[in-house]
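Below you'll find the structure, written out as C-alpha cells, and then a few comments.
Read-outs: derived from the displayed coordinates by stated rules, not from any lab. Since the structure is predicted, the reported quantities are computational estimates derived from the model, not experimental observations. Every residue, glycine as well, gets a Cβ built from its backbone with ideal geometry; the counts of neighbours run over all protein chains shown.
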Amino acid sequence: MRSFAWLIVLLSVPLLASCGDVKPGAAEAEESITVFASASLAPAIEALAAAFEPNHAVRVAVHSAGTPRLLLQLREGASADVLAAADRESAEALHLPHAASPPVVHPLAGNRLAIAFAAGNPHGIESLADLDNPSLRVALAGPEVPAGRYARRALAKAGVELRSRSDEASVQALLTKLAFGELDAALVYTTDLQRPQAQVEGRELPAGLQPEIELTISALPRAQTAPRPQAAAFVRFALAAEGQQILRDHGFGAAR
C-alpha cells in the first residue's frame with residue numbers, strides 16, 4: 001500500500017507543474033472590435049489596427065466605404081465600435097437609434113486637396129482655373145460626400161464655376177475613372193494620390209485655396225451603454241503620439 005501511495009504522489013507532481021505553467025487568461029477568448037472607416041482613411045486605419053492589436057489583445061476588423069454609406073449602415077442598425085469619418089459635419093450628424101446620446105467626436109487628422117489627372121498631365125492642367133474648360137471632362141465627388149463638399153468650397157474660394165460631369169460616390173470612383181481614361185481631371189485628396197496603387201498624377205492646391213479638412217474619430221455607444229473599453233482604447237491610441245505618427249506616415253497632417 002505504501003508503494004502505491006508513493007506512485008500516486010509521483011504521478012501528481014508533473015500534473016501540478018503543468019497546471020502552474022498556464023498563464024491567467026490564456027484560455028480566454030480574444031476580444032474584437034469593428035472600426036467603420038471612410039475610404040480615404042482606410043489604409044491608415046488598417047495600419048493603426050495592426051499596431052494596436054499586439055499590445056491590447058484585441059482583434060480589430062476594419063470596414064471601409066464612403067462616409068455617407070457608413071452613416072446609412074449605422075443608422076440602419078449595423079454594429080460598429082468606432083467611426084473614423086472624413087469630416088466633422090457627418091460625424092456630428094450621426095444619431096444612433098439605440099444610443100441615449102450622440103458619440104463624442106474627436107479631431108483625428110487633416111488632409112489636403114489636389115487636382116488629379118492622367119499620367120504626364122496631357123492637358124497641361126496647372127490650376128483650378130484650368131478646369132473651367134468645356135473641352136475637359138472634369139468630375140467631383142457628390143455634394144453629399146465630404147470630398148465633394150470640400151472640392152466645392154475650394155472652387156468657390158478660387159472663384160471658379162465648374163459643372164461636374166458626374167457626381168461620384170467616392171474619391172476612389174473618381175480615381176478609377178481617371179485611370180481608365182473616362183475623365184480628364186478630378187478633385188481628390190492628396191493622400192489618395194500617394195497610395196502605391198494610384199495610377200494617376202496630381203497637383204496639390206495652393207494653401208490659400210485649401211478648405212479646412214478635419215477627419216474625426218469617435219467611439220460608438222452600444223445598446224444604451226457607453227462605448228466598449230476596447231473601442232475607447234483604440235481611439236486613445238489613434239490620438240496619441242504613436243497613432244499620430246502612423247497617420248503622418250500615410251500623408252495626413254495634424255488636425256486643425
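Shape class of the stretch 113-209 from the alpha-carbon gyration tensor: rounded, with the ratio a/c of largest to smallest axis under 1.5. Its relative contact order, with pairs defined as Cα atoms under 8 Å and 6+ residues apart, puts the chain at 25 percent. Dipole magnitude for the stretch 115-165: computed about the Cα centre from +1 point charges on Lys and Arg Cβ and -1 point charges on Asp and Glu Cβ, it is near 200 debye. Could you work out how far helix 42-56 tilts from the main Cα principal axis of the chain, as a 0 to 90 degree angle to the nearest 10? For helix 42-56, the angle is close to 20 degrees. Since only V105, Q210, A154 are under comparison, the one whose Cα sits farthest along the positive direction of the charge dipole of the chain, derived from C-beta charges on Lys, Arg, Asp and Glu, is V105. Principal-axis analysis of the Cα atoms of the chain puts helix 146-158 at an angle of about 30° to the longest axis. Once Cα Rg over 2.2 N^0.38 Å is calculated for the structure shown, the corresponding label among (i) 1.30; (ii) 0.99; (iii) 1.38 turns out to be (iii). Counting other Cβ atoms within 10 Å as a rough exposure proxy, the listed residues S170, S127, S101 run S101, S127, S170 from fewest neighbours to most.
The C-alpha atoms of the chain define a longest principal axis, and helix 229-239 lies at about 50 degrees to it.
When only the Cβ of Lys, Arg, Asp and Glu is charged (+1, +1, -1, -1), the dipole of the stretch 113-209 relative to its Cα centre reaches about 180 debye.
Of the GluC sites (Glu not before Pro) in the stretch 157-203, the ones in a loop by DSSP (not H, G, I, E or B) with at most 16 other beta carbons within 10 Å are E161, E182. Amide H contacts of R59: E31, S32, I33, each under 5 Å away and 5 or more positions distant or on a separate chain (H built 1.01 Å from N in the peptide plane; Pro and chain starts excluded). The Stokes-Einstein estimate for the stretch 31-160, based on a Kirkwood radius over Cα pairs and taken at 37 °C with 0.692 mPa s viscosity, is a diffusion coefficient of 193 µm²/s. Phi-derived couplings, Karplus 6.51 cos²θ - 1.76 cosθ + 1.60 at θ = phi - 60°, listed residue by residue for the stretch 198-214: 5, 10, 10, 10, x, 9, 5, 5, x, 4, x, 9, 6, x, 7, 9, 10 Hz, with x used for Gly and Pro. Annotation for the stretch 162-228: trypsin sites (Lys or Arg not before Pro) lying in DSSP loop with at most 11 further Cβ atoms inside 10 Å of their Cβ are R163.
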